[in-house]
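A.B. asks: Before we start, here is the structure in question, set down as structure tokens.
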Amino acid sequence: MEDSQYPDVMSAKRVEALNRCPNCGAPLDLDPAGRCRWCEVPVNVLQSESPSSDSQLTETFRVARAPGAGRRARGVIVALLVAGLAALAVILQLNVGRTLMGSRHGSGLTIAWTAPFDSSSELSTVGAWVNGGSLVRVRVDEVVSYDGSTGRRQWTLPIPGTDVACSISNDTGIGATGPVGLVMYGQDSISCDHVMAVDVRTGRQLWATPLPSTYSGDSALGALGVAGGTAVVLTDDGIIGLNIRSGSKRWTKTSECGFEELAASGGTAVALSACGSASNYVISIDPATGKVAWRHKIAEPSDNYEFRILSASPVVISDNQTGPRATIAEVRVFGPGGAVTATFSVSGIHDPAASGPLVLNTDPTDGFGYPEVIADGALVGVAQDHSGHSALVAFGLSSGQRRWMVPLPDVVNDITAGGRAQHGEVVLVDESDPAYSLEEVDIATGKLRSLGSFGQQALDSGDSGLYTVGSDYLVVNLNGAFNNPPIAAIKAPAATG
């Protein structure tokens, strides 16, 4: 039904606009002074389409002068008032929630800026990188760098042609002119057949090249890396090494069983190769030559297992086996030469408040990586039971011993290493109702401290990533077209003490 055909009936788009700020398009959330919490501009909650003039406002509410039109117009106005009051009620509820949360999680945190909403839900996030004081968001159609402090767009690089980005390097590496990120792209998300290198300081495409075979994996991470001046690329037929300066091929590595995942950092590249339960390998590859530096065989009792590379430097591998009664999960840490320096269980963790044993969660979240942090000689992550109870746990990488466990009152999906003021900490999002909060945990002791609360609209639960940029924290959402912005910057409180 179009407004031009039935001008006395409000379109769904116009009604939906009642729940959005007419200035910035964000979900409507006003402070006590009637200003949008996202853009800090005063908002009239009954204004539906951000008109720029009184004539446009009149046009928005114009009705046909046909018999009964007056009654229908009054009905529309009443409906608008009801919808406006409903939106206002939601706003008041959120503000009350902030107040209540303030008593539990400290004072409210400032949303310093948000990125403009995407025009379509199809324009989803593939992943993100941090480069100094900037955050680089890779969307399916473009790569955009934002100033972490202000949200200002620094540069934009389109994905070539009509192709879409489907995988990115876990992190940036060092190229000839500075930090470089890799983006794999193709006609769709499971037919990636090109890779390009991006100078993340300037947004310049350094090179782009077709791949000898496609990558049809369904993960946005685990197929690209930069190590020792080489772009390391996983395809369905093997692994290839490309010169990071030019994109020319240096070497090709194949496996009888195929490779499942790779990661790279510094001068280290590591890959997983699986040939069934009897023959699984962790393989370290010399990034300069493609030769095997070391290989470690892992035998499994069954084929029902799942390997993950949690870190390339140091090499840390998780190994989960799911059975009818329980999940058995282990972590292995490798030293130079491929020697296993620690093996420890991350399942069967006892928590008196849980309904069953906890298991460390090693499932990646789209292109946002794993829900663990490896820092200061420790593995810190979220362990869960089958009913959703969770706790934050830390293990020493050298000893494999559990250092501490902190029960978590609510769901935690996003965790990252602390910034300047929170160095030596991990920072996580506690998804409490009615508002979320940032919590910091000391890696050495497990001591938890709340940094403050923020509105739930900033984060899409289960489909987001948390990044440290400078001393602040940026939430990047998978979908930034509707209820949640693509990026929301949370201003960290000043350090105390």
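A.B. asks: Could you say which residue among PRO287, PRO352, PRO314 is closer than 28 Å to THR445 by Cβ and either in contact (Cβ under 8 Å) with a residue 24 or more places away in the chain or surrounded by 21 or more Cβ atoms within 10 Å (Cβ to Cβ) (or both)?
C.D. replies: Criteria check complete, one pass: PRO314.
Condition check ((1) surrounded by fewer than 24 Cβ atoms within 10 Å (Cβ to Cβ); (2) among the hydroxyl-bearing types (Ser, Thr, Tyr); (3) farther than 13 Å from ALA417 by Cα) across all residues:
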| residue | (1), (2), (3) |
| --- | --- |
| GLU440 | yes, no, no |
| GLN456 | yes, no, yes |
| VAL476 | no, no, yes |
| ASN484 | no, no, yes |
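A.B. asks: Applying the selection to segment 325-335, what residues are closer than 18 Å to GLY400 by Cβ and either out of contact with any strand residue (DSSP E or B) (no Cβ under 6 Å at 6 or more places or on another chain) or touching a residue at least 24 places away in the same chain (Cβ under 8 Å) (or both)? Steps first, answer last, please.
C.D. replies: First pass over segment 325-335, keeping only residues closer than 18 Å to GLY400 by Cβ: 328-335.
If the condition is that a residue be closer than 18 Å to GLY400 by Cβ and either out of contact with any strand residue (DSSP E or B) (no Cβ under 6 Å at 6 or more places or on another chain) or touching a residue at least 24 places away in the same chain (Cβ under 8 Å) (or both), then ALA329, VAL331, ARG332, VAL333, PHE334 are the ones that fit.
A.B. asks: Out of the residues in segment 422-481 meeting the condition of being in a loop (DSSP other than H, G, I, E, B), of a type in the set (S, T, N, Q) and more than 26 Å from ASP31 (Cα to Cα), tell me which one is modelled with the highest pLDDT. Step through it out loud before you land on a result.
C.D. replies: From segment 422-481, those in a loop (DSSP other than H, G, I, E, B) are 422-424, 432-435, 443-447, 455, 459-463, 470-471, 478-481; that's our starting set.
Still in the list and also of a type in the set (S, T, N, Q): 422, 432, 445, 461, 471, 479.
From what is left, the residues that are more than 26 Å from ASP31 (Cα to Cα) are 422, 445.
On the way: GLN422: 65, THR445: 95.
Looking at the filtered set, the residue picked out is THR445.
A.B. asks: Just the residues that are surrounded by fewer than 19 Cβ atoms within 10 Å (Cβ to Cβ) and farther than 17 Å from ILE317 by Cα, please, taken from segment 366-379.
C.D. replies: Those that are surrounded by fewer than 19 Cβ atoms within 10 Å (Cβ to Cβ) and farther than 17 Å from ILE317 by Cα: ASP366, ASP376.
A.B. asks: Oh, and also: Of all residues in segment 210-226, which are more than 23 Å from the chain's Cα centre (by Cα) and buried (at least 17 other Cβ atoms within 10 Å of the Cβ)?
C.D. replies: If we filter segment 210-226 for residues that are more than 23 Å from the chain's Cα centre (by Cα), which is where we start, we get 210-214.
Of everything in segment 210-226, those that are more than 23 Å from the chain's Cα centre (by Cα) and buried (at least 17 other Cβ atoms within 10 Å of the Cβ) turn out to be LEU211, THR214.
A.B. asks: Considering only segment 434-442, I want to know if a residue exists there that is among the small types (Gly, Ala, Ser), at positive phi and touching a residue at least 24 places away in the same chain (Cβ under 8 Å).
C.D. replies: Filtering segment 434-442 down to residues among the small types (Gly, Ala, Ser) leaves 435, 437.
Now drop any that are not at positive phi, which leaves none.
Within segment 434-442, none of the residues are among the small types (Gly, Ala, Ser), at positive phi and touching a residue at least 24 places away in the same chain (Cβ under 8 Å).
A.B. asks: Considering only strands (runs of 3 or more DSSP E) fully contained in segment 290-409, which possess at least 2 residues that are among the hydrophobic types (A, V, I, L, M, F, W, C) and more than 30 Å from ILE240 (Cβ to Cβ)?
C.D. replies: On the way: elements: 292-298, 305-312, 315-322, 327-334, 340-345, 372-375, 378-384, 390-396, 402-408.
The qualifying strands (runs of 3 or more DSSP E) are 327-334, 340-345, 372-375, 378-384, 390-396, 402-408.
A.B. asks: Scanning for something surrounded by 17 or more Cβ atoms within 10 Å (Cβ to Cβ), out of contact with any Ser or Thr (no Cβ under 9 Å at 6 or more places or on another chain) and over 23 Å from ILE328 (Cα atoms), does segment 235-243 turn up at least one residue?
C.D. replies: no
A.B. asks: Here is a list of conditions, (1) free of Cβ contacts under 8 Å to residues at least 60 places away in the same chain; (2) out of contact with any Gly (no Cβ under 7 Å at 6 or more places or on another chain), and HIS386 meets all of them except one; can you say which number that is?
C.D. replies: Result: HIS386 passes all but (2).
A.B. asks: Additional query: Has segment 176-188 got any residue that is closer than 21 Å to ILE309 by Cβ, hydrophobic (A, V, I, L, M, F, W, C) and part of a loop (DSSP other than H, G, I, E, B)?
C.D. replies: no
A.B. asks: Quick one: which of ALA293, ALA299 is modelled with pLDDT of 95 or more and either closer than 20 Å to CYS192 by Cβ or not β-branched (Val, Ile, Thr) (or both)? Give the derivation first.
C.D. replies: On the way: ALA299 fails: modelled with pLDDT of 95 or more.
It is ALA293.
A.B. asks: Now for a different question. Taking the stated definitions as given, is GLY396 in contact with a strand residue (DSSP E or B) (Cβ under 9 Å, 6 or more places away or on another chain), over 24 Å from ASP351 (Cα atoms) and not hydroxyl-bearing (Ser, Thr, Tyr)? Walk me through it before giving the result.
C.D. replies: Details: in contact with a strand residue (DSSP E or B) (Cβ under 9 Å, 6 or more places away or on another chain): yes; over 24 Å from ASP351 (Cα atoms): no; not hydroxyl-bearing (Ser, Thr, Tyr): yes.
Judged against the criteria, GLY396 is not a match.
A.B. asks: Of (1) surrounded by 15 or more Cβ atoms within 10 Å (Cβ to Cβ); (2) among the hydrophobic types (A, V, I, L, M, F, W, C); (3) within 27 Å of SER464 (Cβ to Cβ), ALA342 satisfies all except one. Which?
C.D. replies: (3)
A.B. asks: Do we find a residue being more than 22 Å from LEU272 (Cα to Cα) and either buried (at least 17 other Cβ atoms within 10 Å of the Cβ) or not charged (D, E, K, R) (or both) anywhere in segment 247-258?
C.D. replies: In the first step, residues of segment 247-258 are kept if they are more than 22 Å from LEU272 (Cα to Cα); the result is 247-248.
From what is left, the residues that are either buried (at least 17 other Cβ atoms within 10 Å of the Cβ) or not charged (D, E, K, R) (or both) are 247-248.
Checking segment 247-258: at least one residue is more than 22 Å from LEU272 (Cα to Cα) and either buried (at least 17 other Cβ atoms within 10 Å of the Cβ) or not charged (D, E, K, R) (or both).
A.B. asks: So is VAL382 over 18 Å from LEU448 (Cα atoms), aliphatic (A, V, I, L, M), touching a Ser or Thr at 6+ places or on another chain (Cβ under 6 Å) and crowded, with 21+ Cβ neighbours inside 10 Å or not?
C.D. replies: Working: over 18 Å from LEU448 (Cα atoms): no; aliphatic (A, V, I, L, M): yes; touching a Ser or Thr at 6+ places or on another chain (Cβ under 6 Å): yes; crowded, with 21+ Cβ neighbours inside 10 Å: yes.
For VAL382, the condition - over 18 Å from LEU448 (Cα atoms), aliphatic (A, V, I, L, M), touching a Ser or Thr at 6+ places or on another chain (Cβ under 6 Å) and crowded, with 21+ Cβ neighbours inside 10 Å - is not met.
A.B. asks: So, in segment 444-454, how many residues would count as being in contact with a helix residue (DSSP H, G or I) (Cβ under 8 Å, 6 or more places away or on another chain) and crowded, with 24+ Cβ neighbours inside 10 Å?
C.D. replies: Kept after step one, since they are in contact with a helix residue (DSSP H, G or I) (Cβ under 8 Å, 6 or more places away or on another chain), are these residues of segment 444-454: 450, 452-453.
In the following step, the residues that additionally are crowded, with 24+ Cβ neighbours inside 10 Å were identified as 453.
Number of matching residues: 1.
A.B. asks: For segment 218-263, what are the residues that are more than 23 Å from GLY178 (Cα to Cα), of a type in the set (Val, Ile, Thr) and not in a strand (DSSP E or B)?
C.D. replies: Passing the criteria: only THR254.
A.B. asks: May I pose another question? Pairs only if they're at least six apart or on different chains, beta carbon under 6 angstrom, first in segment 161-175 and within 12 Å of ALA231 (Cβ to Cβ), second in a loop (DSSP other than H, G, I, E, B); list them, first residue then second.
C.D. replies: THR172/VAL200; GLY175/ILE244
The values are calculated or read from the model by the stated rules, or taken from the named source; none is laboratory data. On a predicted model such as this, the values are computed, not experimentally measured, just so you know. Ideal geometry is used to build each Cβ from the backbone, glycine not excepted, and the neighbour counts take in all protein chains shown.
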